[in-house]
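The values are calculated or read from the model by the stated rules, or taken from the named source; none is laboratory data. Keep in mind the model is a prediction, meaning the values are calculated, not measured. Here the Cβ positions follow ideal geometry from the backbone for every residue, glycine too, while neighbour counts run over all protein chains shown. Ligands, DNA and RNA are stripped out before the accessible areas are found, and what is left, the full protein with its side chains, is counted by its heavy atoms. Shrake-Rupley method; radii C 1.70, N 1.55, O 1.52, S 1.80 Å.
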Amino acid sequence: MDAEKQESNNEKAIEAGAMGRTLEITKPEAQQQQQQQQAPPEHTAKHADKDVESTVKRRHATSNLEAATHLFKGSVGAGLFAMGDCFKNGGLVGSTLMLPIIAIMCVHCERLLIRGSLLAVAKTPGATFYDYPETVEKCFEYGPRPLRCMSRAMKLIVEMFLCVTQFGFCAIYFVFITENLYQVLQQNGIDISMSMVMLITLLPAMIPSLMTNLKYISPVSLLANFALLFGLIATLTIAFSDGPMPSVAERHYFTGGSQLALFFGTALFSYEGIALILPLRNSMREPDNFSSRFGVLNVTMLFITALFIFTGFVSYVRWGEYVAGSITLNLNVEDVMSQVVKMVAALGVFFGYPIQFFVMMKILWPPVKRANGCAQKYPITMQVGLRFVMIMMTFCVALVVPQLNLFISLIGALCSTSLAFVIPVIIDFVTRTQVPKGLGTWIYFKNIAILTIALLGIVTGTYQSIVEIIREFN
């Protein structure tokens with residue numbers, strides 16, 4: 001019975017790890033420490049994953065296809081429908097060339113994050129998995145002595161960026177749903193304000209978001225995928241069938257200045273799945289297949305990038321400078337099929353709201369519970385109350401957002417860029433300085449180049465987005 005109970009606890013720990021908790025393993029701590037001491041430092045990261053996988057029994061491990069599906073679902077949301085605006089700001093040729101470069105940089109930095117996580121796990125007795133914030137904390141904790149005092153602060157910074165990003169996603173989802181629903185209602189003679197439409201969507205979004213268990217929320221995720229893909233395919237079909245396509249010569253091939261800054265923010269916002277990388281890899285039956293040459297990460301990101309390029313190129317060629325922050329808003333609202341597409345796309349984003357909100361609450365709730373005695377005594381009641389407050393906050397932010405595309409660019413430039421590029425490169429610097437000659441000339445200049453591009457995108461993208469938002473208010 002004890003063995004069965006222990007096995008059951010281990011399986012529950014694995015499931016919890018998908019949301020970023022540290023798992024426990026069955027191997028004795030002394031034995032694990034002995035193996036780590038015998039292994040050469042340069043092989044620690046290489047063998048850490050195999051040691052981890054051999055200690056945990058995975059009855060419900062994720063297959064390659066399932067992991068690819070989850071990665072696609074986590075990386076494709078409202079940003080997919082903003083690709084037309086992205087291409088407008090980057091130009092046809094410029095965007096087509098830069099999106100793959102951004103994708104390659106994202107994948108490379110995600111590999112750096114995985115490497116840092118494996119090193120942290122290998123050096124921590126009793127741990128088999130760390131999520132993004134914990135990986136940053138442990139890498140600094142085991143890093144050079146002057147940086148160790150920064151470990152807690154770095155974890156808090158990453159958690160803050162993750163919360164702001166997820167909060168922004170939720171607010172953007174409200175705006176996306178409202179704008180599409182508002183057009184349909186106006187066309188059908190229901191003359192109510194945009195604010196009232198948003199208020200109508202609040203209650204249906206609130207009910208699943210107040211649930212504290214993911215198993216009651218996750219079924220809607222599959223519906224969200226189908227609705228989003230249907231909305232996209234139908235939108236592009238209408239774009240192709242709505243008369244002859246304009247000539248590409250009528251569109252800008254390249255842009256510069258403020259438009260390029262907005263392009264960078266929107267593009268980074270669209271690759272929104274970095275928080276899923278570590279949980280997904282840890283959940284796989286064969287984790288090495290996640291980041292191999294033709295593994296889940298490379299193949300899925302290639303498909304996503306191709307989808308982004310195709311969607312953005314077609315949308316910008318069709319609607320040009322009039323392309324909206326969501327391409328569904330460019331459809332002729334008088335057409336019944338277009339109304340159906342708008343509703344289905346809004347429904348797909350609506351189903352995605354509780355999932356994004358759940359991720360944010362998984363970060364916010366634990367520290368609130370630790371610091372509040374009432375939350376420890378009445379955890380369900382207090383968590384539901386916190387969820388209600390956060391839902392109302394996303395609603396209020398969405399209520400004052402003047403333009404969907406500008407808000408997308410702001411969140412992408414400020415937070416997504418930091419999470420996707422800056423933090424993983426910093427982790428790589430910290431971990432490599434622990435090994436003699438670990439930071440070679442090529443690695444040093446490569447990391448500096450990524451940081452330079454990222455910081456340039458953060459400064460220019462954030463500044464330009466704020467300027468444009470202020471201009472819209474005025």
Query raised in the report: Residue by residue through the range 291-298, which ³J(HN,Hα) values in whole Hz follow from phi under the Karplus form 6.51 cos²θ - 1.76 cosθ + 1.60 (θ = phi - 60°), with glycine and proline marked x?
Result: 10, 6, 4, 10, x, 4, 5, 5
Requested in this report: For the range 415-474 and the range 291-320, compute the distance between their C-alpha centroids and round to whole Å.
Outcome: 23 Å
Report task. Return the sequence-ordered ³J(HN,Hα) values of the range 431-438 in whole Hz as given by the Karplus equation 6.51 cos²θ - 1.76 cosθ + 1.60 applied to θ = phi - 60°, using x for Gly and Pro. Result -> 6, 6, 6, 7, 10, x, 6, x
**Report entry** In Hz, Karplus ³J(HN,Hα) per residue of the range 307-314 (6.51, -1.76, 1.60; θ = phi - 60°; x = Gly, Pro)
**Finding:** 5, 4, 5, 4, 5, x, 4, 4
Report summary line: Carbon and sulfur atoms account, in whole percent of the 1.4 Å probe accessible area of the range 406-474, for 73 percent
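Dividing the convex hull volume of the Cα atoms of the range 60-108 by its residue count, what figure in Å³ per residue is obtained?
Measuring per residue, one finds 90 Å³ for the Cα hull of the range 60-108.
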Report summary line: Flagged as over-length at 23 Å C-alpha distance, from K155/K362; K73/K369; K73/K123; K155/K377; K88/K446; K155/K369, the pairs are K73/K369; K73/K123; K155/K377; K88/K446
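Against the empirical 2.2 N^0.38 Å scaling, what ratio does the C-alpha Rg of the range 317-404 come to?
Working: Rg = 19.0 Å, N = 88, 2.2 N^0.38 = 12.1 Å.
Compared with the compact-globule rule of thumb, the range 317-404 sits at 1.57.
Using only the Cα atoms of the range 332-474, build the gyration tensor, take square roots of its eigenvalues as a ≥ b ≥ c, and label the shape rounded, prolate or oblate: rounded if a/c is under 1.5, else prolate if a/b is larger than b/c, else oblate. Kindly include the intermediate steps, with their values, before the conclusion.
Details: a/c = 2.23, a/b = 1.26, b/c = 1.77.
It is oblate, given that a/c is not under 1.5 and a/b is not larger than b/c.
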Query raised in the report: Between the range 88-130 and the range 346-369, how many Å separate their Cα centres?
Result: 23 Å
Query raised in the report: Which of the peptides 259-266, 296-303 is most tightly packed, and how do the rest follow, going by the mean number of other Cβ atoms within 10 Å of each residue?
Result: 259-266, 296-303
Requested in this report: List every residue whose amide H lies under 5 Å from the amide H of T62, counting only residues 5 or more places away in sequence or on a different chain, with H placed 1.01 Å from N in the peptide plane.
Outcome: M284, R285
Requested in this report: Decide, for the range 376-449, between rounded, prolate and oblate: order the square roots of the alpha carbon gyration tensor eigenvalues as a ≥ b ≥ c, take rounded if a/c falls under 1.5, and otherwise choose prolate if a/b is larger than b/c, else oblate.
Outcome: oblate
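Between rounded, prolate and oblate, where does the range 220-271 land on the alpha carbon gyration tensor, with a ≥ b ≥ c its root eigenvalues, rounded for a/c under 1.5, else prolate if a/b exceeds b/c? Could the numbers behind the result be given before it?
Values: a/c = 5.48, a/b = 1.23, b/c = 4.44.
Since a/c reaches 1.5 but b/c is at least a/b, the shape of the range 220-271 is classed as oblate.
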